[in-house]
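A.B. asks: Sending over a structure as structure tokens; questions will come in a sec.
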Amino acid sequence: MEKTVLHIENLTNGLSLSRGKKLVLQENLHLRLQSGQFVCLLGPNGAGKSTFLRILMGFQPALAGTISYDEQKLKDISLKELSHLAAVVLTDRFSDPYLTAMDVISLGRYPYGSLIAKLNTEDTHVIQQIVNTLNIGDLMEKVFRQLSDGEKQKVLIARALVQDTPFIFLDEPIAFVDSPGRIEIMEMLSDIAHKHHKGILMTTHDIETALEYADILWLMNRGKPIETGIPEDLAMQGKINDYFDKKAIQFDRFSARFRLQDKKTSATLFIKNNSLETFWLWKALSRKGFKLVNVETFPEKGLGFYFENREFILLHDHKPIRRFSNIQSVLAEVEHYLDI
């Protein structure tokens, strides 16, 4: 299938202020987004993520540079043409208290309709297909503003899909969604990109979730170029650290999570991490700040744990000394033993 490509060349991201002043956030950006890709744009507050999306949609001009959809420059594309190229899901709320989910989704067909915005047979067919694909039929008659945040995002994603564009831009779609709903939406967006051949660019603060689902990450911070690459390379090379670490909180490349560095203790524990139980023990001890080493054979000196016959076994200097039925008991014993 032929790919549609969004080209960003020599772009300056920022805002025009009063009296001719400019707020420059990033300069000399060269980026490429193609249909079939799921890209997450990550950056702290104030980095310019939302501004960047508005520029890509033509809602505000770039301070410099060009944006092209395939070979056609954005500045030469009419609003109607652009509505056939890109759909956008913003954080704005609908003010109408009576709109149903079906009403909101139907708005996505407006670029194809008449001036009175009446749905025709094709519109109805497209909407029904998307509703079935996203499995949201039970939401159609509900009032939009009464839906949960996760349900609202599904409806807004459906509205973008029925617009039938090669690109979909989303601004913080999982910001107010609970953890199961967040995963559900990310799975949905990944499927849309790969199975429906859409180029998806979403902004998010949730770095850990983006690492799990994005094909490509764009890392953004004020005054820095945008760093791009697959999540694993950027994490392994320390780029996540370069863009997001703070004095005490740093990205741990071994656990793929941010951690408070001051919590680390001088104590080292050895774990034979080969089961579901020791996996969760590892997470609990890591949360408490211990330095952990995964071993097959325990050293002659030191504290260690393994799991056997439904019990956690504590070893000291290679000898078993205590057994525990749950992780809470393990934590209490270790902290008492080391007098932490």
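A.B. asks: Going by what's in this entry, would Ala193 be described as under 30 Å from Asp317 (Cβ atoms), surrounded by 18 or more Cβ atoms within 10 Å (Cβ to Cβ) and of a type in the set (Gly, Ala, Ser)?
C.D. replies: Working: under 30 Å from Asp317 (Cβ atoms): no; surrounded by 18 or more Cβ atoms within 10 Å (Cβ to Cβ): yes; of a type in the set (Gly, Ala, Ser): yes.
In short, no.
A.B. asks: Here is a list of conditions, (1) of a type in the set (Lys, Arg); (2) in contact (Cβ under 8 Å) with a residue 12 or more places away in the chain; (3) under 30 Å from Ser329 (Cβ atoms); (4) surrounded by fewer than 17 Cβ atoms within 10 Å (Cβ to Cβ), and Lys272 meets all of them except one; can you say which number that is?
C.D. replies: Status for Lys272: all satisfied but (4).
A.B. asks: Could you tell me whether region 1-9 includes any residue that is in contact with a strand residue (DSSP E or B) (Cβ under 8 Å, 6 or more places away or on another chain), surrounded by 15 or more Cβ atoms within 10 Å (Cβ to Cβ) and among the basic types (Lys, Arg)?
C.D. replies: Here is the first cut: in region 1-9, the ones in contact with a strand residue (DSSP E or B) (Cβ under 8 Å, 6 or more places away or on another chain) are 3-9.
Now narrow it down to the ones that are surrounded by 15 or more Cβ atoms within 10 Å (Cβ to Cβ): 4-8.
Going one step further and asking which of them are among the basic types (Lys, Arg), we end up with none.
Within region 1-9, not a single residue is in contact with a strand residue (DSSP E or B) (Cβ under 8 Å, 6 or more places away or on another chain), surrounded by 15 or more Cβ atoms within 10 Å (Cβ to Cβ) and among the basic types (Lys, Arg).
A.B. asks: Another one. So, Phe251, is that one closer than 30 Å to Arg32 by Cβ and surrounded by 13 or more Cβ atoms within 10 Å (Cβ to Cβ) or not? Please lay out each step first, then the result.
C.D. replies: On the way: closer than 30 Å to Arg32 by Cβ: yes; surrounded by 13 or more Cβ atoms within 10 Å (Cβ to Cβ): yes.
Yes: the conditions hold for Phe251.
A.B. asks: From the list Ser50, Ser83, Ser18, Ser78, which residue is closer than 21 Å to Gln163 by Cβ, free of Cβ contacts under 8 Å to residues at least 40 places away in the same chain and of a type in the set (Gly, Ala, Ser)? Steps first, answer last, please.
C.D. replies: Details: Ser50 fails: free of Cβ contacts under 8 Å to residues at least 40 places away in the same chain; Ser83 fails: free of Cβ contacts under 8 Å to residues at least 40 places away in the same chain; Ser18 fails: closer than 21 Å to Gln163 by Cβ.
Criteria check complete, one pass: Ser78.
A.B. asks: Name the residues in region 12-37 that are under 18 Å from Tyr69 (Cα atoms), in a strand (DSSP E or B), open to solvent by 20 Å² or more (accessible area, probe 1.4 Å) and in contact with a Gly (Cβ under 6 Å, 6 or more places away or on another chain), would you?
C.D. replies: Result: Gln34, single match.
A.B. asks: Among the numbered criteria (1) at pLDDT below 90; (2) in a helix (DSSP H, G or I), which single criterion is violated by Gln250?
C.D. replies: Going through (1) at pLDDT below 90; (2) in a helix (DSSP H, G or I) one by one, Gln250 breaks only (2).
A.B. asks: Do we have any residue at all in region 64-83 that's within 13 Å of Met220 (Cβ to Cβ) and open to solvent by 50 Å² or more (accessible area, probe 1.4 Å)? Write out each step before concluding.
C.D. replies: Pass one, region 64-83, residues within 13 Å of Met220 (Cβ to Cβ): none.
No, region 64-83 contains no residue that is within 13 Å of Met220 (Cβ to Cβ) and open to solvent by 50 Å² or more (accessible area, probe 1.4 Å).
A.B. asks: A follow-up question, please. Name the pairs whose Cβ atoms lie under 7 Å apart, with the first residue in region 191-203 and more than 14 Å from Leu6 (Cα to Cα) and without any contact (Cβ under 8 Å) to a residue 12 or more places away in the chain, the second part of a strand (DSSP E or B) and not aromatic (Phe, Trp, Tyr), and 6 or more positions between them or separate chains?
C.D. replies: none
A.B. asks: Going by what's in this entry, would Glu277 be described as in a helix (DSSP H, G or I) and more than 30 Å from Val162 (Cβ to Cβ)?
C.D. replies: Details: in a helix (DSSP H, G or I): yes; more than 30 Å from Val162 (Cβ to Cβ): yes.
Yes; evaluated as a whole, the condition is true for this residue.
A.B. asks: Check off (1) touching a strand residue (DSSP E or B) at 6+ places or on another chain (Cβ under 9 Å); (2) surrounded by fewer than 20 Cβ atoms within 10 Å (Cβ to Cβ) for Ile183 and give me the number that stays unchecked.
C.D. replies: Only one criterion is unmet by Ile183, namely (1).
A.B. asks: Follow-up. I'd like to know if region 41-60 contains one or more residues that are farther than 16 Å from Ile168 by Cα and of a type in the set (Phe, Trp, Tyr).
C.D. replies: No; the residues of region 41-60 include none that is farther than 16 Å from Ile168 by Cα and of a type in the set (Phe, Trp, Tyr).
A.B. asks: Then there's this: Can you pull out the residues in region 204-230 that are without any contact (Cβ under 8 Å) to a residue 40 or more places away in the chain, surrounded by fewer than 17 Cβ atoms within 10 Å (Cβ to Cβ) and not in a helix (DSSP H, G or I)? Spell out how you get there, then give the answer.
C.D. replies: Quick first cut of region 204-230, residues without any contact (Cβ under 8 Å) to a residue 40 or more places away in the chain only: 206, 209, 212, 227, 229-230.
In the following step, the residues that additionally are surrounded by fewer than 17 Cβ atoms within 10 Å (Cβ to Cβ) were identified as 212, 229-230.
Gly229, Ile230 - these are the residues of region 204-230 that are without any contact (Cβ under 8 Å) to a residue 40 or more places away in the chain, surrounded by fewer than 17 Cβ atoms within 10 Å (Cβ to Cβ) and not in a helix (DSSP H, G or I).
A.B. asks: Of all residues in region 45-56, count the ones that are part of a loop (DSSP other than H, G, I, E, B) and either of a type in the set (Phe, Trp, Tyr) or at pLDDT below 90 (or both).
C.D. replies: Of all residues in region 45-56, those part of a loop (DSSP other than H, G, I, E, B) come to 45-48.
Narrowing further to those that are either of a type in the set (Phe, Trp, Tyr) or at pLDDT below 90 (or both): 45-46.
Of the residues in that region, 2 qualify.
A.B. asks: Also: Has region 287-307 got any residue that is open to solvent by 80 Å² or more (accessible area, probe 1.4 Å) and β-branched (Val, Ile, Thr)?
C.D. replies: The answer is yes, given that some residue of region 287-307 is open to solvent by 80 Å² or more (accessible area, probe 1.4 Å) and β-branched (Val, Ile, Thr).
The values are calculated or read from the model by the stated rules, or taken from the named source; none is laboratory data. Computed from a predicted model, the values in this text were never measured in an experiment. Positions of Cβ are backbone-derived with ideal geometry, glycine not excepted, and every protein chain shown enters the neighbour counts. Just so you know, the surface numbers come from the protein's heavy atoms only, side chains and all, with ligands and any DNA or RNA stripped out. Shrake-Rupley method; radii C 1.70, N 1.55, O 1.52, S 1.80 Å.
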